[in-house]
Amino acid sequence: MPPSLQPPRVRFAPSPTGFLHVGNARTALYNWLFARHTGGAFLLRIEDTDLDRSEVRHEKQLMEDLLWLGIDWDEGPGVEGPHAPYRQSERLGIYREHTDRLLAEGKAYRCFCTTEQLEEERREAAAAHKPQVYSGRCRNLSDADSAARASRGEPFAVRLRIPDHPLRFHDIVRGVVEFPNETVSDPILVRSSGMPVYNYVVTLDDALMEITHVIRGDDHISNTPKQVAIYEAFGWKPPEFAHLSTILGSDRERLSKRHGATSVASFREMGILPEALVNYLALLGWGAEGGTRELFSREELVKEFRLERVTASPAIFDWEKLHWLNRHYLKAADPERIAELAWSYFAAAGFLAPRDEASPAAAVDAWFGRLLALFLPSANQLDELPAKAAFVFRFDPATAHANDENAALLATESAPKVLAAFAARVAAHAGSVNPEQFKTWMNEIKVETGAKGKDLFHPVRIAITGSHSGPEFDKLIPVLEDGSQLELPVHVLGVRERIEQFMGSVMGGGQ
RNA sequence: GGCGCCAUGGUGUAAUUGGUUAACACGCCGCCCUCUCAAGGCGGAGAGUUCGGGUUCGAUCCCCGAUGGCGCUACCA
């Protein structure tokens with residue numbers, strides 16, 4: 001099979017030094033989509049050469065986050081393949097062999113310069129308005145000299161000899177990118193400590209793992225000429241590159257913790273659905289042909305995604321649009337799945353018992369489903385739900401009275417009459433209140449007091465919910481009434497209890 | 001300072017690889033629905049494509065320059 005027809009191999013290579021950031025998640029997603037679209041392979045490689053900052057728990061978290069997004073890998077930790085191992089810390093021997101080869105072939109050389117010398121050089125270059133590249137002091141040391149100093153125990157780093165011609169590469173999203181060779185410094189490949197450097201290791205791994213397309217953030221563009229030179233030094237064919245633009249915050253600064261939640265884990269905790277985040281991230285820097293569609297399932301993305309349509313310009317992260325998508329998927333999702341997810345937020349608020357303690361009574365389950373239906377349409381994220389539904393669990397007449405808007409609505413001439421009439425009917429009524437009963441009462445009160453519309457409903461709404469706005473009575477009343485019959489960590493008050501407490505609080509001098 | 005990348009309404013993207021009244025979505029505004037807030041439905045405002053040159057009969061699109069933003073400039077990743 002000609003090389004061009006071989007299935008592509010791509011990789012996502014995060015360093016396990018923290019949480020998976022949305023920017024990296026997008027990079028992972030684009031890699032994954034490209035692989036799935038083309039029938040290629042997607043590998044996960046852990047870049048843990050920074051021993052001080054790398055942690056196993058971060059690596060675990062990383063993998064969990066990827067899987068949560070539905071991004072699975074064909075080769076990588078846990079799925080050992082032909083190019084194992086997939087952790088750089090386990091590949092150190094491989095790197096050493098290759099360095100020896102470069103040294104032997106004169107493609108790389110030992111550099112004995114001290115940090116002080118290098119700093120001095122950099123200062124001079126800056127002062128002379130010239131590129132800050134290594135002077136090449138050790139470039140032409142004779143082999144004998146170099147070997148002698150090394151065997152004498154003098155510490156050295158290994159540098160790559162940058163070739164004498166411009167370094168260019170092809171970038172699928174940007175076209176041909178070229179760097180004059182005099183602007184690229186002979187890069188250090190191996191530190192004097194013996195530890196290989198990131199840029200060297202990635203390149204070696206990419207080549208050895210037969211990566212055909214390197215899709216990564218555009219902060220690596222300036223590293224690419226050095227990497228291209230490494231490919232060249234070994235006589236390997238460089239891969240195709242695709243550098244993705246940066247995701248910015250609303251202030252056009254690179255998106256960071258300063259902008260609030262940016263890790264995939266935090267999105268999950270907030271109650272953003274993975275399908276919403278995937279859809280959003282796909283849209284942030286890519287547009288389907290025609291550009292008029294916004295809603296894409298995972299399968300549709302795989303079908304439509306093409307690297308050629310990725311945008312080169314940076315994109316600003318827009319919560320409003322993510323929320324719009326999340327609302328959409330919250331409504332589109334299987335209600336049972338949403339109920340299960342939402343449950344934990346209510347449990348955390350102390351409104352419901354933790355779900356894993358015992359499987360909840362079917363009655364509670366069904367009731368919770370109806371409760372959710374009341375508030376879900378207006379929720380951007382699942383974690384907003386308990387606050388929206390709080391009045392169901394915690395009814396507070398005093399606060400309701402204290403609210404200025406409520407007070408104004410209760411100060412009308414008709415409000416006290418309406419409330420008295422309503423309270424009287426509830427008091428005279430045995431058993432629970434159903435929506436039909438409620439409707440009948442409201443009609444009677446309308447005739448009796450002459451109040452209608454807002455004047456009629458608002459006082460009652462305040463008396464029952466503590467607020468002048470909220471879900472429709474038709475659906476709300478059964479939820480309140482049925483909830484009051486259930487065994488819950490917090491007793492849900494029924495309509496009767498609410499109106500009694502509310503009227504009592506008026507008498508008790510709530511004002 | 002040097003090198004590189006980028007530039008279409010507030011935001012994300014389109015525009016048969018030079019010919020459009022510059023399209024779609026989010027957001028915003030208004031209307032409808034409704035006791036209310038959302039949701040939902042309908043409609044509207046908002047860019048002449050950062051600026052200046054050039055090529056062309058004709059540039060969002062090609063070339064040059066400027067400006068601005070961002071990145072890299074480590075024995076960090």
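The values are calculated or read from the model by the stated rules, or taken from the named source; none is laboratory data. Predicted, not measured: the structure shown is a model, and the values here were computed from it. All Cβ positions, even for glycine, are placed from backbone atoms using ideal geometry, and neighbour counts span all protein chains on display. Please note that ligands, DNA and RNA were not included when accessible areas were found on the heavy atoms of the full protein model with its side chains. Shrake-Rupley method; radii C 1.70, N 1.55, O 1.52, S 1.80 Å.
Within segment A:112-132, is even one residue more than 11 Å from RNA strand B (Cβ to nearest atom) and open to solvent by less than 50 Å² (accessible area, probe 1.4 Å)? So far as segment A:112-132 goes, no, none of its residues is more than 11 Å from RNA strand B (Cβ to nearest atom) and open to solvent by less than 50 Å² (accessible area, probe 1.4 Å). Does any residue in segment A:356-384 that is within 16 Å of RNA strand B (Cβ to nearest atom) come within less than 6 Å, Cβ to Cβ, of a residue that is modelled with pLDDT of 95 or more and not in a helix (DSSP H, G or I) six or more places away or on a different chain, and which pairs are these? Final answer for the pair search is A:381/A:271; A:381/A:272; A:382/A:271; A:383/A:271. For segment A:282-326, the set of residues classified as basic (Lys, Arg) and either more than 26 Å from residue A:378 (Cβ to Cβ) or near RNA strand B (Cβ under 6 Å from one of its atoms) (or both) consists of A:298, A:303, A:306, A:309, A:321, listed by residue number. Is it true that residue A:487 is surrounded by fewer than 20 Cβ atoms within 10 Å (Cβ to Cβ) and touching a residue at least 60 places away in the same chain (Cβ under 8 Å)? So residue A:487 fits the description; yes. Scanning segment A:395-415 for residues that are under 22 Å from residue A:493 (Cα atoms) and not charged (D, E, K, R) yields a count of 10. In the set (1) of a type in the set (S, T, N, Q); (2) open to solvent by less than 50 Å² (accessible area, probe 1.4 Å); (3) in contact (Cβ under 8 Å) with a residue 40 or more places away in the chain, the condition left unmet by residue A:203 is number (3). Of all residues in segment A:278-309, those that are outside any helix (DSSP H, G or I), closer than 26 Å to residue A:384 by Cβ and either open to solvent by 30 Å² or more (accessible area, probe 1.4 Å) or among the β-branched types (Val, Ile, Thr) (or both) total 3.
In segment A:310-350, which residue that is among the acidic types (Asp, Glu) and loosely packed, with under 13 Cβ neighbours inside 10 Å is farthest from the chain's Cα centre (by Cα)? Here the answer is A:336. Could you tell me whether any residue of segment A:476-483 is surrounded by fewer than 13 Cβ atoms within 10 Å (Cβ to Cβ), in contact (Cβ under 8 Å) with a residue 12 or more places away in the chain and either under 28 Å from residue A:352 (Cβ atoms) or assigned by TED's automatic domain parsing to the domain that holds residue A:376 (or both)? Scanning segment A:476-483 turns up no residue that is surrounded by fewer than 13 Cβ atoms within 10 Å (Cβ to Cβ), in contact (Cβ under 8 Å) with a residue 12 or more places away in the chain and either under 28 Å from residue A:352 (Cβ atoms) or assigned by TED's automatic domain parsing to the domain that holds residue A:376 (or both).
For segment A:69-88, the criterion of being assigned to a helix (DSSP H, G or I), within 16 Å of RNA strand B (Cβ to nearest atom), open to solvent by 20 Å² or more (accessible area, probe 1.4 Å) and modelled with pLDDT under 95 is met by no residue.
Residue A:425 fulfils the conditions (1) open to solvent by less than 60 Å² (accessible area, probe 1.4 Å); (2) outside any helix (DSSP H, G or I) except for a single criterion, (2).
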